[in-house]
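This report concerns only the one structure given below.
The values are calculated or read from the model by the stated rules, or taken from the named source; none is laboratory data. Predicted, not measured: the structure shown is a model, and the values here were computed from it. A quick note on method: Cβ atoms are made from the backbone with ideal geometry, for glycine too, and the neighbour counts reach across all protein chains shown.
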């Protein structure tokens with residue numbers, strides 16, 4: 001056993017896949033300790049908040065203030081207020097009035113504003129420009145002046161007479177330390193369409209999907225191993241019956257069968273465990289065929305015939321004289337079944353046939369939510385790309401481990 005483990009961990013592919021998979025598992029266990037709570041809790045009112053650190057404006061106005069005069073602060077402030085459409089429109093105006101824009105960089109806010117002050121004339125009517133566009137430029141100019149013309153913001157509360165009374169003035173040179181702000185929330189992956197922390201949701205979903213994969217892998221491997229051992233060792237009529245059933249499941253596309261069974265169960269009954277069992281029940285056929293072929297090559301060997309002559313029972317012969325010789329193959333089949341189970345759950349959930357959404361998140365459900373709310377079209381990459389990356393890493397690590405084991409236990413692949 002020690003020699004086998006030594007050979008396994010000398011395989012660079014197995015070690016690489018093992019490290020990736022263990023890193024994912026550690027993330028699953030450690031991150032909930034750092035950021036506890038319900039992963040499905042809605043913390044945002046809007047949808048798809050960008051990744052970053054969010055500071056309470058209410059608490060920030062009541063925090064100790066420090067004065068800084070940072071270079072280019074005003075330009076940066078204006079730059080973040082200008083949308084890409086506004087920048088394109090400004091360039092179009094420069095072209096219309098004949099300005100030289102050969103060296104103009106739209107990201108250079110200071111240069112853009114200098115040229116705007118120089119070339120914008122509210123009375124100008126460039127040739128071919130419609131009135132609605134001219135009015136738009138007027139509103140843009142007014143907005144730029146308002147953003148750049150005020151160096152303070154007043155905070156007012158109602159007094160006893162019900163009139164607004166200025167209570168505090170915030171200057172453009174006032175800064176607060178985030179450590180002094182009572183409520184600061186860091187969202188490394190922003191929020192999803194429901195206003196939920198994507199990273200917390202992703203960690204929980206990864207754990208659920210791996211559990212689904214493990215349950216599906218166990219169910220599929222046990223069914224396939226049992227049928228394969230019986231068909232391969234006993235043979236005869238039992239072999240014909242098992243192969244007939246296996247062929248029926250093989251002829252019917254597994255994913256189509258999976259969709260039909262999941263749909264017939266109903267949304268309320270489709271928990272994570274139920275979905276996992278259904279996936280395992282529909283994906284055992286290739287394991288049964290492969291185990292059967294391995295057992296057929298072993299059943300007439302000398303040590304098996306000696307056990308028969310000794311009067312050992314069928315169960316003992318199968319468990320002690322055959323199973324140990326195919327154990328490495330069974331482990332590799334189990335790893336592939338786990339990977340296949342995770343991918344099958346993702347496919348089912350994308351079709352809306354995965355686990356019910358009110359209990360636990362899964363990687364497939366996160367993809368389904370992102371697709372339903374068009375995250376891929378509105379630029380909210382953080383709602384789906386980390387999910388795709390996680391599924392890829394899990395599948396890649398498991399298949400890498402399987403390849404490494406295959407190189408160790410398959411003599412034809414050894415160096």
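Tell me, yes or no, whether segment 230-241 has at least one residue that is under 31 Å from the mean Cα position of the chain (by Cα) and part of a helix (DSSP H, G or I).
Scanning segment 230-241 turns up no residue that is under 31 Å from the mean Cα position of the chain (by Cα) and part of a helix (DSSP H, G or I).
Is it true that residue 132 is in a helix (DSSP H, G or I) and at pLDDT 75 or above?
Judged against the criteria, residue 132 is a match.
Of all residues being modelled with pLDDT of 75 or more and part of a loop (DSSP other than H, G, I, E, B) in segment 147-179, which is nearest to residue 389 (Cα to Cα)? Just the residue, please.
For segment 147-179, the residue satisfying everything is 177.
Kindly evaluate residue 352 against the criterion of being out of contact with any strand residue (DSSP E or B) (no Cβ under 7 Å at 6 or more places or on another chain) and either modelled with pLDDT of 90 or more or surrounded by fewer than 20 Cβ atoms within 10 Å (Cβ to Cβ) (or both).
When the stated conditions are applied, residue 352 passes them.
Could you tell me whether segment 34-51 includes any residue that is in contact (Cβ under 8 Å) with a residue 12 or more places away in the chain, surrounded by 12 or more Cβ atoms within 10 Å (Cβ to Cβ), touching a strand residue (DSSP E or B) at 6+ places or on another chain (Cβ under 7 Å) and at positive phi?
There is at least one residue in segment 34-51 that is in contact (Cβ under 8 Å) with a residue 12 or more places away in the chain, surrounded by 12 or more Cβ atoms within 10 Å (Cβ to Cβ), touching a strand residue (DSSP E or B) at 6+ places or on another chain (Cβ under 7 Å) and at positive phi.
Looking at (1) surrounded by 15 or more Cβ atoms within 10 Å (Cβ to Cβ); (2) part of a loop (DSSP other than H, G, I, E, B), find the lone condition where residue 182 falls short.
Going through (1) surrounded by 15 or more Cβ atoms within 10 Å (Cβ to Cβ); (2) part of a loop (DSSP other than H, G, I, E, B) one by one, residue 182 breaks only (1).
From the list 223, 259, which residue is over 23 Å from residue 352 (Cβ atoms) and in contact (Cβ under 8 Å) with a residue 60 or more places away in the chain?
Just a single option satisfies the conditions, and that option is 223.
For segment 71-99, enumerate the residues that are surrounded by fewer than 10 Cβ atoms within 10 Å (Cβ to Cβ) and over 36 Å from the mean Cα position of the chain (by Cα).
If the condition is that a residue be surrounded by fewer than 10 Cβ atoms within 10 Å (Cβ to Cβ) and over 36 Å from the mean Cα position of the chain (by Cα), then 71, 98 are the ones that fit.
Only one residue in 280, 352 is within 30 Å of residue 370 (Cβ to Cβ), without any contact (Cβ under 8 Å) to a residue 24 or more places away in the chain and in the same structural domain as residue 210 (by TED's automatic domain parsing), so which one is that?
352
Filter segment 223-254 down to the residues that are surrounded by fewer than 17 Cβ atoms within 10 Å (Cβ to Cβ) and under 16 Å from residue 315 (Cα atoms) and list them by number.
226, 234, 235, 238
Right, residue 289: under 30 Å from residue 262 (Cβ atoms) and in a helix (DSSP H, G or I) or not?
The answer is yes for residue 289.
Look through 385, 409 and report the one residue that is at pLDDT 90 or above and either surrounded by fewer than 17 Cβ atoms within 10 Å (Cβ to Cβ) or over 17 Å from the mean Cα position of the chain (by Cα) (or both).
Answer to the check: 385.
Any residue in segment 51-61 that is part of a loop (DSSP other than H, G, I, E, B) and farther than 30 Å from residue 389 by Cα?
Yes: segment 51-61 contains one or more residues that are part of a loop (DSSP other than H, G, I, E, B) and farther than 30 Å from residue 389 by Cα.
Residue check, residue 106 against (1) modelled with pLDDT of 80 or more; (2) assigned to a loop (DSSP other than H, G, I, E, B); (3) surrounded by 11 or more Cβ atoms within 10 Å (Cβ to Cβ), all met but one. Which one?
Only one criterion in (1) modelled with pLDDT of 80 or more; (2) assigned to a loop (DSSP other than H, G, I, E, B); (3) surrounded by 11 or more Cβ atoms within 10 Å (Cβ to Cβ) is unmet by residue 106, namely (1).
For segment 24-31, check the following and say yes or no: at least one residue is at pLDDT 85 or above and outside any helix (DSSP H, G or I).
no
Conditions (1) touching a helix residue (DSSP H, G or I) at 6+ places or on another chain (Cβ under 6 Å); (2) part of a helix (DSSP H, G or I); (3) within 30 Å of residue 47 (Cβ to Cβ), marked per residue:
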site: 304; (1), (2), (3): yes, yes, no
site: 311; (1), (2), (3): no, no, no
site: 335; (1), (2), (3): yes, yes, no
site: 360; (1), (2), (3): yes, no, yes
site: 365; (1), (2), (3): yes, yes, yes
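Of all the residues that make up segment 259-273, how many are surrounded by 14 or more Cβ atoms within 10 Å (Cβ to Cβ), touching a helix residue (DSSP H, G or I) at 6+ places or on another chain (Cβ under 8 Å) and within 13 Å of residue 360 (Cα to Cα)?
Number satisfying all stated conditions: 2.
Exactly one condition in (1) under 21 Å from the mean Cα position of the chain (by Cα); (2) over 30 Å from residue 365 (Cα atoms) is false for residue 48; which is it?
Single failed check for residue 48: (2).
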